[in-house]
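Novice: Before I ask anything, let me first share the structure, which is written out below as structure tokens.
The values are calculated or read from the model by the stated rules, or taken from the named source; none is laboratory data. In this text the structure is predicted, and so the values were computed from the model without any measurement. Glycine gets a Cβ as well: all are built from the backbone with ideal geometry, and neighbour counts include every protein chain shown. We work out accessible area using only protein heavy atoms, side chains counted, and drop any ligands, DNA or RNA first. Shrake-Rupley method; radii C 1.70, N 1.55, O 1.52, S 1.80 Å.
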Amino acid sequence: DAIKASNEKLKAIRDNYTIIKSNFVNLKEKLNELRINEVDGILFDLGVSSPQLDTKDRGFSYHNDSKLDMRMDQERNFSAWNVVNEYSEKDLARILFTYGEEKYGNSIAKNIVKERQIKPINTTFELVEIIKNSMPEKAKRDKHPARKSFQAIRIEVNHELDILEKSMKDALSMLKVGGILSVITFHSLEDRIVKNVFKEYTEIDPMVKGLPNIPSNYLPDYELVNHKAIIPTDKEIEENSRSRSSKLRVIKRIK
């Protein structure tokens, strides 16, 4: 679907593009196959896309009732159904806490296991109901109670955080001098990984930091273009409410 939509938009502009169907963890390998060894710029737009959220039968949204799916690549066999119905209570609690920062993860995991012993949990609304019943009333008032759990399960299904650090480091190694890597994140877990990788690549060696004249070979090969994450303006949020949680970080290769 994404390839079809992209082709329709891009071919109306020019024909000098190549679409590669692959996970971005394979970025370096796929570019090398095309005999591309260095690039001017790379943009990572992380997380789930609006078409995935808006297509009801993809199972990403807790607002629509559909089968438990959440696969970004529908050719894969492993889905949210497998996580919810096959993971142990301990592993469910772990991913809810680690990937969703859900403080009621233990209770939710316990009730998931309890309910699936009666019958498999097949739909998003079945899961939402279990999550709601696992939380106190006060925790359900401000934001949708299933928001954090759905994020956690989606990240687990698609291995989103497992591959992010390697993908960025491969991307940085592909940049020409003057090349730019930009990364848009949508939650704190992603942003923390991006921030830490950028810090690692732009920090001066502590052995020489503070010296008046630091030899160039001790200086980093990269610099931060923006020291603080760029966040959307009120106008942008008004035009696109899903941009609300986004953060943009940019790094440049300088030598």
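Novice: Mind ranking R71, R35 by accessible surface for me, highest first, 1.4 Å probe? Mind dumping the intermediate values first?
Specialist: Values: R71 40, R35 210 Å².
So the residues, ranked largest to smallest area, are R35, R71.
Novice: Find the accessible area per residue for the range 1-147; the probe is 1.4 Å, ligands and nucleic acids are left out, and the unit is Å². Please report the intermediate quantities before stating the final value.
Specialist: Details: 9640 Å² over 147 residues.
For the range 1-147, the per-residue accessible area is 66 Å².
Novice: With both partners inside the chain, how many of the DSSP beta bridges are antiparallel, as a percent to the nearest 5?
Specialist: Numbers: 11 of 17 bridges.
Counting only bridges with both partners in the chain, antiparallel ones make up about 65 percent.
Novice: I've got another one for you. With the full set of protein chains in place, find how many percent of the accessible area of the range 144-255 is carbon and sulfur; take the probe as 1.4 Å. Don't jump to the answer; show the numbers that get you there.
Specialist: Details: 3230 of 6200 Å².
Answer for the range 144-255 is 52 percent, counting heavy atoms of protein chains only.
Novice: OK, next. Taking chymotrypsin sites (Phe, Trp or Tyr not before Pro) as exposed when DSSP calls them loop (any state but H, G, I, E, B) and at most 15 other Cβ atoms lie within 10 Å, what is the longest stretch of the chain free of them, the sites themselves excluded?
Specialist: Numbers: sites that count: Y17, F78.
The longest uninterrupted stretch comes out as 79-255.
Novice: Hey, in the GNM for the chain with a 10 angstrom Cα cutoff, which one of E203, E33, E89 fluctuates hardest?
Specialist: It is E33.
Novice: Return the carbon/sulfur percentage of the accessible area of the range 78-118, one whole number, probe 1.4 Å, all protein chains in place. Walk me through the numbers before you get to the answer.
Specialist: Values: 1140 of 2270 Å².
The C+S portion of the solvent-accessible surface of the range 78-118 is 50 percent.
Novice: Using a 1.4 angstrom probe with every protein chain in place, what is the largest-first accessible-area order of D69, D54? Don't jump to the answer; show the numbers that get you there.
Specialist: On the way: D69 0, D54 90 Å².
Order by accessible area, largest first: D54, D69.
Novice: Can you spot the aspartates and glutamates whose alpha carbon is less than 13 Å from K30's alpha carbon? Ignore those fewer than 8 places along the same chain.
Specialist: Within the straight-line limit of under 13 Å, K30 reaches these aspartates and glutamates: E38, D170.
Novice: Can you give the helix-only mean residue ellipticity at 222 nm for the chain, where every DSSP H stretch with n ≥ 4 adds -39500 (n - 2.57) and the sum goes over all residues, rounded to the nearest 500 deg cm²/dmol?
Specialist: Numbers: 11 runs with 106 residues, N = 255.
Calculated from helices alone, the mean residue ellipticity at 222 nm is -12000 deg cm²/dmol.
Novice: Would you list, by chain and number, the lysines whose Cα falls below 21 Å from the Cα of K209, excluding same-chain residues fewer than 8 positions away?
Specialist: K195, K199, K252, K255
Novice: Then there is this: Extending each Cα 7 Å along its Cβ direction at H159 and N133, get the distance between those two points in nm, one decimal.
Specialist: 3.4
Novice: Follow-up question, since we're still on this one. Enter the per residue convex hull volume of the range 1-46, computed from alpha-carbon coordinates, in Å³ rounded to the nearest integer.
Specialist: On the way: hull volume 4.7 nm³, N = 46.
So the per-residue Cα hull volume is 102 Å³.
Novice: Over all directions, how big on average is the projection of the convex hull of the alpha-carbon atoms in the range 52-199, in square nanometres? Don't skip to the answer; put the middle values down first.
Specialist: Working: hull surface 41.2 nm².
With every direction weighted equally, the projected area is 10.3 nm².
Novice: Give the Rg/Rh ratio for the chain, taking Rg as the radius of gyration of the Cα atoms and Rh as the Kirkwood radius, to two decimals.
Specialist: 1.02
Novice: At a Cα cut-off below 16 Å, give the aspartates and glutamates reachable from K90, other chains included and same-chain residues fewer than 8 away excluded.
Specialist: Partners found: E101, E102, E115, E156.
Novice: Right, another one. Using a 1.4 Å probe and counting only protein heavy atoms, arrange H144, H63, H187, H159 so the residue with the most accessible area comes first. Numbers along the way, then the final one.
Specialist: On the way: H144 55, H63 125, H187 25, H159 75 Å².
The residues order as H63, H159, H144, H187, largest area first.
Novice: Express the Stokes-Einstein translational diffusion coefficient of the range 113-255 in µm² s⁻¹, to the nearest whole number, given a Kirkwood radius over alpha-carbon pairs, 37 °C and a viscosity of 0.692 mPa s.
Specialist: Answer from the Stokes-Einstein relation: 176 µm²/s.
Novice: Mind checking which of P206, S173, F97 is farthest towards the positive end of the range 94-210's charge dipole, using Cβ charges of +1 (Lys, Arg) and -1 (Asp, Glu) about the Cα centre?
Specialist: Final value for the positive-end residue is F97.
Novice: Among V48, N77, S61, whose Cα projects farthest towards the positive end of the dipole of the range 27-77, with charges put on the beta-carbon of Lys, Arg (+1) and Asp, Glu (-1)?
Specialist: Farthest along the dipole direction, towards plus: N77.
Novice: To the nearest whole percent, what portion of all C-alpha pairs in the range 201-255 is separated by more than 15 angstrom? Walk me through the intermediate numbers first.
Specialist: On the way: 908 of 1485 pairs.
Of all Cα-Cα pairs in the range 201-255, 61 percent lie more than 15 Å apart.
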